[in-house]
1. Could you list, in sequence order, all residues of the stretch 1-38 that are over 16 Å from the mean Cα position of the chain (by Cα), within 18 Å of THR70 (Cβ to Cβ) and modelled with pLDDT of 80 or more?
2. What pairs can you find where one residue is in the stretch 44-69 and free of Cβ contacts under 8 Å to residues at least 24 places away in the same chain, the other is hydrophobic (A, V, I, L, M, F, W, C), and their Cβ atoms are less than 6 Å apart, with a gap of 6+ or different chains?
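The values are calculated or read from the model by the stated rules, or taken from the named source; none is laboratory data. As the structure is a computational prediction, the values presented were derived from the model and not from experiment. Counting neighbours? That spans all protein chains shown, and the Cβs are built from the backbone with ideal geometry, glycine included.
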Amino acid sequence: MTKQSCSHCGGTDIVRNIHLGMPTEASRIGLDYQTAFILTGTEPLLADLCRSCGTVVRMHVKEADRDWNTA
């Protein structure tokens, strides 16, 4: 794996796989996918952050092989 750098400042001090969260009472923040029958799941969003300037350099999910719900 090559060293990731920030597209904004060029910094290489990148913190990886930070869970994206927001206080909610009913649900989690993430991408919805279909599970068995009519059930759905939510795959949490992760972010990679540049410590030098605070830019989010990448947003991603840990498990990409899902049956994603699309509009």
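1. Selection gives GLN34, THR35.
2. VAL56/ALA47; VAL56/LEU49; HIS60/LEU46
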